[in-house]
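Have a look at the structure below, then the notes.
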Amino acid sequence: MATRANWAGDDCRPGPADILFIIDASFCTEKHFNDSKATVTAIVNKLPIGADDFQIAVMKYSFDATMEFYFSTYTDKSDLISAIDNISPTMGPSYLDKALDKTKEVFGISSSYGARAQVFQYLIIVSDGLSTLRPEAVQGAHSLKSRGIKVLTVGNGEQVDQTELLHLATASQYVFSGGKEEDTTNVILIETVNTSCTDCLLKTMTDMVFMVDISKHQTVLQQTLDALRDLIYKELDYNPNTQVGMVTFDLTATFKFNLNQYTDRDKILLNSQIGLETTKQESNITAALTFAREKGFENNQTDARNILVLFSNEGWTEVDGILQERHALNKDNVLVVFVPVGRSADIVTVYSVAERASDVYYIE
């Protein structure tokens, strides 16, 4: 295999880059610690590992931060994956701020443990977003970002607080859910590839339908619309091969616009915001999901990933019906993501109907 030093012509391979994974090993992620390791392994599996390519370091944290291995420790992928598999939880409080402080040393800011000069630097935090000292953690992440380190967050745990993950990450497009390692990896591959090459452009087709509850229970509708606007903007910025549709619902569901109605981002953003207000009706989420399953993806692209994002804060009572429809959508290869917004949201019930905790994005 040719190395970068003797590569002839344009080198279209992504990298080189140093990636530090920080894994939450505290009490609150005890049941999901193996899922966190699986996330790291899945990302590593898609990257070329070596001194001329991607170097991986892993740190875990609880009461304190512990380095499992540094960037230069493993150059063989199989050895690296075995080392990840052997990491054990620590159990204790979630002091992410201590891990972020130690990160400066790992990236050679205050001393050098093997980070390379003039390479891309990434920090990937695998956490539930429930740090013991949140302000200190956010400040620590800000310090790293100001030094040019890209900070990505992956939500994983019993309950995932999206607010903290958003504050920690470099930008909202760097926030991911567990089980979506391909999206996390794509960001790194796209950013680290030679910009004169087109081989690694993201070409995955995505169809995304947003469903917004406008019933009388939605007391923070404007906050919901703000979050919706940000999600649409970042998704289209990240992957232009995305079709966006929108449905509003109370007792019944109707299209605001369907998947292939608008192709211009500004028109999509404008029509996602105008003419929306709450009604005096109750909310029927089961009927809304049925509508999405039967009609929402009628104009989808061939071989596209199908994603349904549902915004609702209503105290859900038809849990069995919601579960049945969510299962039916999953069988149709539709990922269902629930986004409760505001402090009045019934978070416990939302988690109970989602396929996995990482499919819930709570925005405070």
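The values are calculated or read from the model by the stated rules, or taken from the named source; none is laboratory data. Please read these numbers as outputs of a predicted model, since none were measured by experiment. With ideal geometry, Cβ positions are generated from the backbone for all residues, glycine too; neighbour counts draw on all protein chains shown. Surface accessibility is based on the protein's heavy atoms, side chains included, excluding ligands, DNA and RNA. Shrake-Rupley method; radii C 1.70, N 1.55, O 1.52, S 1.80 Å.
Each Cα pair under 8 Å and six or more residues apart adds its sequence gap; the mean of these over the residue count of segment 45-149 is a relative contact order of 24 percent. Using heavy atoms of the protein chains and a probe of 1.4 Å, the accessible area assigned to T279 is about 40 Å². In straight-distance terms, cross-link reach from K256 covers every one of the aspartates and glutamates whose alpha-carbon lies under 17 Å from its own, apart from those fewer than eight places away in the same chain; here that gives D207, D213, D226, D264, D266, E277, E294, E298.
Counting only alpha carbon atoms, the long axis of helix 221-238 and the longest principal axis of the chain meet at about 50°.
Let me check I've understood the local charge: for S26, count other residues with C-beta under 12 angstrom from its C-beta, Lys and Arg +1, Asp and Glu -1. What total comes out?
Surrounding charge for S26 is -2.
Note on E136 and K234: their simple-model spin labels are 2.6 nm apart, each label 7 Å out from Cα toward Cβ. In this view, the solvent-accessible surface of R305, computed with a 1.4 Å probe and all protein chains in place, comes to about 70 Å². Computed from the C-beta positions of T279 and M91 and an R0 of 56 Å, the FRET efficiency is 0.70 to the nearest 0.05.
When DSSP assigns beta bridges and you keep just the ones with both residues in the chain, what percent turn out antiparallel, to the nearest 5? Could you put the intermediate results ahead of the total?
Working: 8 of 57 bridges.
Roughly 15 percent of the DSSP beta bridges within the chain come out antiparallel.
Largest GNM mean-square fluctuation across N260, N300, N156, computed for the chain with C-alpha springs under 10 Å, falls on N260.
Would you tally the net charge around E277, using a Cβ to Cβ cut-off of less than 13 Å, leaving E277 out, and scoring K and R as +1, D and E as -1? The answer is +1. The C-alpha atoms of the chain define a longest principal axis, and helix 96-106 lies at about 40 degrees to it. Using C-alpha pairs below 8 Å separated by at least 6 residues, the relative contact order for the chain is 15 percent.
Short-range pairs are left out: with C-alpha atoms under 8 Å and at least six residues apart, the relative contact order of segment 47-95 is 39 percent. Mind giving me the FRET efficiency for T163 and K104? R0 is 25 Å, r the Cβ-Cβ distance, nearest 0.05 is fine. The formula returns an efficiency of 0.55 here.
Let me know the shape class of segment 262-364, please: from the alpha-carbon gyration tensor, a ≥ b ≥ c as square roots of the eigenvalues, rounded when a/c is under 1.5, otherwise prolate if a/b is greater than b/c, or oblate.
On the way: a/c = 1.59, a/b = 1.13, b/c = 1.40.
Taking the square roots of the gyration eigenvalues as a ≥ b ≥ c, segment 262-364 is oblate.
The apolar share of the surface of the chain, taken as the fraction of accessible area on carbon and sulfur atoms (1.4 Å probe, ligands and nucleic acids excluded), comes to 48 percent. Of all lysines in the structure, the ones whose alpha carbon falls short of 28 Å from that of K60, not counting any fewer than 8 places away in one chain, are K31, K37, K46, K77, K98, K102, K104, K145, K150, K180. Here the gap between T317 and N45, fully extended at 0.36 nm per residue and compared with their Cα-Cα distance, gives a gain of 93.7 nm.
Taking H167, H217 and ordering them by how much accessible surface each has at a 1.4 Å probe, largest first, produces H167, H217. To the nearest 10, the accessible area of E136 is 90 Å² with a 1.4 Å probe.
Across T219, T73, T204, the residue with the most accessible area heads the list, and the full order at a 1.4 Å probe is T219, T73, T204. Computed extension length for D79-Q261: 60.5 nm, one decimal, from 0.36 nm per residue of separation with the Cα-Cα distance subtracted. With an a/c value of 1.5 or above and a/b not larger than b/c for the gyration tensor axes a ≥ b ≥ c computed over the alpha-carbon atoms, segment 23-122 is described as oblate. Using the 1.4 Å probe convention, the accessible area of the chain works out to 43 Å² per residue with neighbouring protein chains retained.
Comparing G157, G296, G321 in a Gaussian network model of the chain where C-alpha atoms under 10 Å apart are linked, the largest mean-square fluctuation is found at G321.
Here the Gaussian network model covers the chain, with springs between Cα atoms less than 10 Å apart; of K331, K98, K60, K331 fluctuates the most. Estimated from helical segments only, the mean residue ellipticity of the chain at 222 nm is -9500 deg cm²/dmol, where each DSSP H run of four or more residues counts as -39500 (n - 2.57). Taking Lys and Arg as +1 and Asp and Glu as -1, the other residues whose beta-carbon sits under 11 Å from that of I268 total +1. Residues whose amide H lies under 5 Å from that of F257, counting only those 5 or more places away or on a different chain, are M246; hydrogens are built 1.01 Å from N in the peptide plane. Nearest 10 degrees, 0 to 90: what angle lies between the long axis of helix 319-331 and the longest principal axis of the chain (Cα atoms)? It is inclined by approximately 60 degrees. Each label was represented as a point 7 Å from its Cα along the Cα-to-Cβ direction; for N271 and D303 these points are 2.7 nm apart. Its residues counted as N, segment 278-324 yields a C-alpha radius of gyration over 2.2 N^0.38 Å of 1.35.
Centre-to-centre, using Cα atoms only, segment 18-62 and segment 159-190 are separated by 14 Å. First measure r as the distance between the Cβ atoms of Q222 and N333, then evaluate 1/(1 + (r/R0)^6) with R0 = 25 Å and state the FRET efficiency to the nearest 0.05. FRET efficiency, Q222 to N333: 0.15.
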